[in-house]
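Asker: I'd like to ask you about the structure that follows.
The values are calculated or read from the model by the stated rules, or taken from the named source; none is laboratory data. Remember, it's a predicted structure, so these values are computed and weren't measured experimentally. No Cβ is skipped: glycine too gets one built from the backbone with ideal geometry, and neighbour counts run over all protein chains shown. Calculation scope for accessible area: heavy atoms of the full protein, side chains included, ligands and nucleic acids excluded. Shrake-Rupley method; radii C 1.70, N 1.55, O 1.52, S 1.80 Å.
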Amino acid sequence: MENTFLKYGYSAEEIDKRVADTFTQIFEKPWSRFYFEGIGDTGYFMDTGNCDARTEGMSYGMMMCVMNDRKDIFDRMWKFAIDFMYMTEGPMAGYFAWSVGPDGKKNAWGPAPDGEEFFAMALFLAGRKWGDAEGDSIYNYTAWARRILHTCVHHKFPMWNAENAYVLFVPACPFTDPSYHLMHFYHYFAMWADEEDRDFWKRAETASREYLAKACHPVTGMNPEYGNFDGTPNPFGPPPEHGDFYSDAYRTGANIGLDSLWHGHNPEFEKIADNLVTFFADIDPADYKKYHIDGTPVLLADGTEEKALHPVGLLATLAQTTMACSPAAGGAAEKIVRRFWDTPLRMGERRYYDNCLYMFAMFALSGKYAIID
């Protein structure tokens, strides 16, 4: 697997140390971690900005543990998800509640599809790496991954639109979130999910690549947080502000980068990556703004430009985006990667989201974000 950091002259030893140190800071160091042991033999990621545990972060943490071979933490996080997030009653039974408190009390009775996607992929990879328990055990990872994906497609309120094969913002809603389109995951879902659904996942893989080519601005490469099926921004609210390039949206470039790492470059994604990386190449992260997708900064009521809430996270995703760039954007890509290398993890109450994206970029750029054969 390509090691981008090595290409830019960093040594294998310092790369390995940086990846390991990043994982340690997230999971263990008292001043920087947001992983905590929970009730019984469970563990969870705390969204430090909102003081809850989310399926987004839980599934991210499980993926990090697979990549770093930490079955002990993986199993604790997965048990927390099963014990406190999995819903066995109500209209959304079979899905995971997207937000719960550290005490396991549900804050919501609805799911978020990005959590289900990452749960399924992390579980598939766990089964391939560590093997599966037998029968109905929650540690029969592969069986649970298939169960999750079956529910997503066949539930009364499905997470994917059956006609266009687009992942939805929430089940059965009429629009999508571009950053939820994980075509690089669907490629493997089409091989590992229930046989009856494999053709659907092949469709979803193709549909997501086609959708992102529509949703990303042709000049800046930016995409909205929420999008209509035709690729136009959907400012769904309140407040009606989710049609802009903001926190959720950053992940799209990272997904494009990882897809290119796993499945090769394509012209549409090269153009998006080149545009996005070039736009930000000479902007200091301290000056990142909230942007309309044409690159115009969003203005607050007092006329000042709204700043990015997660600048370190944006930089991390841009660094991962560079893996999809063409040689023509090589100078801009190198600037972004070196800036990322020189930027430490975020500290303080907003560290959770930024540093999740930071860890994934570290794995990807070091060649360690890889499929387990």
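Asker: Mind checking the per residue accessible area of the range 71-218 for me, 1.4 Å probe, whole number of Å²?
Answerer: Value for the range 71-218: 38 Å² per residue.
Asker: Which order do you get for T278, T343, T88 if you rank them by accessible area with a 1.4 Å probe, largest at the top? Don't jump to the answer; show the numbers that get you there.
Answerer: Numbers: T278 80, T343 30, T88 115 Å².
Sorted by accessible area, descending: T88, T278, T343.
Asker: Jot down the radius of gyration and Dmax of the range 53-149, Cα atoms only, both in angstrom.
Answerer: 12.3, 36
Asker: Would you please report the Å³ per residue occupied by the convex hull of the alpha carbon atoms in the range 202-241?
Answerer: 67
Asker: How large, in percent, is the carbon and sulfur part of the accessible surface of the chain at a probe radius of 1.4 Å?
Answerer: With neighbouring chains kept in place, the figure for the chain is 52 percent.
Asker: At a probe radius of 1.4 Å, what is the per-residue accessible area of M362, in Å² to the nearest 10?
Answerer: For M362, the solvent-accessible surface is approximately 0 Å².
Asker: Per-residue accessible area for K202 at 1.4 Å probe radius, Å² rounded to 10?
Answerer: Counting only protein heavy atoms, the figure is 110 Å².
Asker: Can you give the Rg and Dmax of the range 326-373 based on its C-alpha atoms, in angstrom?
Answerer: 13.1, 38
Asker: Can I ask one more? Can you work out the FRET efficiency for the pair A370 and A301, with r the C-beta to C-beta distance and R0 = 51 Å, to the nearest 0.05?
Answerer: It comes to 0.65.
Asker: Quick one: Cα centre-to-centre distance for the range 164-213 and the range 223-262, in angstrom?
Answerer: Cα centroid to Cα centroid, the span is 15 Å.
Asker: Based on the Cα atoms of the chain, what semi-axes does the equivalent ellipsoid have, where each is the square root of 5 times one gyration tensor eigenvalue, given in whole Å with the largest first?
Answerer: On the way: eigenvalues 166, 114, 92 Å².
So the equivalent ellipsoid measures 29, 24, 21 Å along its semi-axes.
Asker: Pulled fully out, how much extra length does the chain show between D103 and W31, if you take 0.36 nm times their separation in residues and subtract their Cα-Cα distance?
Answerer: 23.8 nm
Asker: Percent of Cα-Cα pairs per 10 Å bin, from 0 to the last occupied bin, for the range 227-350, please list those.
Answerer: 13, 42, 35, 10, 0
Asker: According to a simple spin-label model (label point 7 Å from Cα along Cα-to-Cβ), what is the distance in nm between R338 and D282?
Answerer: Output for this residue pair reads 1.6 nm.
Asker: Divide by every residue of the chain the summed helix terms, -39500 (n - 2.57) for each DSSP H run of at least 4, and state the resulting mean residue ellipticity at 222 nm, rounded to the nearest 500 deg cm²/dmol. Numbers along the way, then the final one.
Answerer: Numbers: 13 runs with 169 residues, N = 373.
Theoretical 222 nm ellipticity from helices: -14500 deg cm²/dmol.
Asker: Suppose each label sits 7 Å from its Cα in the direction of the beta carbon; what would the A213-R147 distance come out to in nanometres?
Answerer: Going from the A213 label point to the R147 one covers 3.9 nm.
Asker: Would you work out which of G90, I138, A108 lies farthest towards the positive end of the dipole of the range 82-217? Charges go on Cβ: Lys and Arg +1, Asp and Glu -1.
Answerer: In the range 82-217, that residue is A108.
Asker: Right, here's the next one. Can you work out the accessible area per residue across the range 246-373, with the rest of the protein chains kept in place, probe 1.4 Å, in square angstrom? Walk me through the numbers on the way to the answer.
Answerer: Details: 4550 Å² over 128 residues.
For the range 246-373, the per-residue accessible area is 36 Å².
Asker: Another question, if that's okay. Once both labels are modelled 7 Å past Cα along the beta-carbon direction, what's the D136-D294 spacing in nm?
Answerer: Here the modelled spin labels are 5.8 nm apart.
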